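Okay, structure first, notes after.
The values are calculated or read from the model by the stated rules, or taken from the named source; none is laboratory data. Treat the numbers as computed from the prediction; the structure is a model and nothing was measured. Cβ placement follows ideal geometry from the backbone for every residue including glycine, while neighbour counts extend to all protein chains displayed.
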């Protein structure tokens, strides 16, 4: 019988410890990498969110700036705005878009300066841009601005101008000669461009060379192919005329309760008398062109909306009341105030005469 003396081998405990330490180190490294990666991802998510918010804010700021530019164009070219936008009490536009079918909108509000009623040269503008998500406004940006049209020419005279005490002008005035203002300073709310100024205005006085504007290119041959034409003559009263370019080859009289839409072009003299006459310009049309004299007699409630060009003089009766030109007045000759004496003759008022109740019995004191 044979026996085999086989020894029993026990692995070294030192080797096992080395393997355990190595495994533990691997686990520690994996854990460290995981922690670092998690922190990096968290920071990346935060930075991505911040970047997204910054991008959204930048986009909304740019959209709001575009809205202000929209408002500037509307103010400079009101004929391009909708009637609803410029209607009284509706000087706002909501949910405007630069890119159709996007989620980005802006609301616009354009309001004349409330501190100066009747002023159409200075406007307060507010624009709010936002992204609409589920009916909620996000990423809002609101900008406000005050816009002053400069120059904003309301009156141009090719000659000396005597600005009467009862007149009021919101805008700038130009005279090829000297401006003599007899009205309070606040009645001439703009700059004055002339060779000389006697009196004060709310703005600054400059020479005519500082005004880079040309005389409007409106003559007796004026046409606009977007509108049809019509003819009028004689004396008009108690009638409303649809939107056309209305022409008169001779002299014309508006005798009261006349509303004329479009443009009126008179190749002779135009006399306006009576009450409630209206000349309302259509889009991209002047309101009135008179090749001869424009004579405004004893009227009440006369309104002209748009550009008025008279090739010769404009004579306004001192008895006229509520005469409003909402636009600009270009006078090729002189702008004069007139009065009628008991004999029916018309005279020109100069200086600053006043009615007196003394022994003259209500006569006009001309000293």
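Test residue 305 against the criterion of being farther than 16 Å from residue 174 by Cα and at pLDDT 90 or above, and give yes or no.
Criteria met by residue 305.
Once segment 232-252 is narrowed to residues that are in a strand (DSSP E or B) and over 33 Å from the mean Cα position of the chain (by Cα), the residue that is nearest to residue 288 (Cα to Cα) is 252.
Within segment 283-302, take every residue that is under 17 Å from residue 216 (Cα atoms) and either at pLDDT below 95 or under 28 Å from the mean Cα position of the chain (by Cα) (or both) and give me the one that is surrounded by the fewest Cβ atoms within 10 Å (Cβ to Cβ). Here the residue is 284. Counting just the residues of segment 78-91 that are exposed (fewer than 12 other Cβ atoms within 10 Å of the Cβ) and part of a loop (DSSP other than H, G, I, E, B), which one comes out modelled with the lowest pLDDT? The qualifying residue modelled with the lowest pLDDT is 89. One residue stands out among those in segment 183-198 that are over 26 Å from the mean Cα position of the chain (by Cα) and over 24 Å from residue 112 (Cα atoms): the one that is surrounded by the most Cβ atoms within 10 Å (Cβ to Cβ), which is 197. Taking segment 55-77 as the range and being modelled with pLDDT under 80 and farther than 15 Å from residue 124 by Cα as the test, only 77 passes. Among the criteria (1) surrounded by 13 or more Cβ atoms within 10 Å (Cβ to Cβ); (2) free of Cβ contacts under 8 Å to residues at least 60 places away in the same chain; (3) within 30 Å of residue 149 (Cβ to Cβ), the one residue 253 does not fulfil is (3). Scanning segment 254-276 for residues that are part of a strand (DSSP E or B) and either outside the structural domain of residue 237 (by TED's automatic domain parsing) or closer than 16 Å to residue 310 by Cβ (or both) returns 254, 263, 264, 265, 266, 270, 271, 272. Candidates 201, 218, 180: the one that is modelled with pLDDT of 90 or more, assigned by TED's automatic domain parsing to the domain that holds residue 264 and either exposed (fewer than 13 other Cβ atoms within 10 Å of the Cβ) or under 30 Å from residue 248 (Cα atoms) (or both) is 218.
Which members of segment 125-151 meet the condition of being crowded, with 19+ Cβ neighbours inside 10 Å and either closer than 19 Å to residue 114 by Cα or modelled with pLDDT of 90 or more (or both)? Those that are crowded, with 19+ Cβ neighbours inside 10 Å and either closer than 19 Å to residue 114 by Cα or modelled with pLDDT of 90 or more (or both): 125, 127, 128, 129, 130, 141. Taking the stated definitions as given, is residue 164 at negative phi and outside the structural domain of residue 120 (by TED's automatic domain parsing)? When the stated conditions are applied, residue 164 passes them. Looking only at segment 150-170, which residues are touching a helix residue (DSSP H, G or I) at 6+ places or on another chain (Cβ under 9 Å) and not in a loop (DSSP other than H, G, I, E, B)? Selection gives 163, 169.
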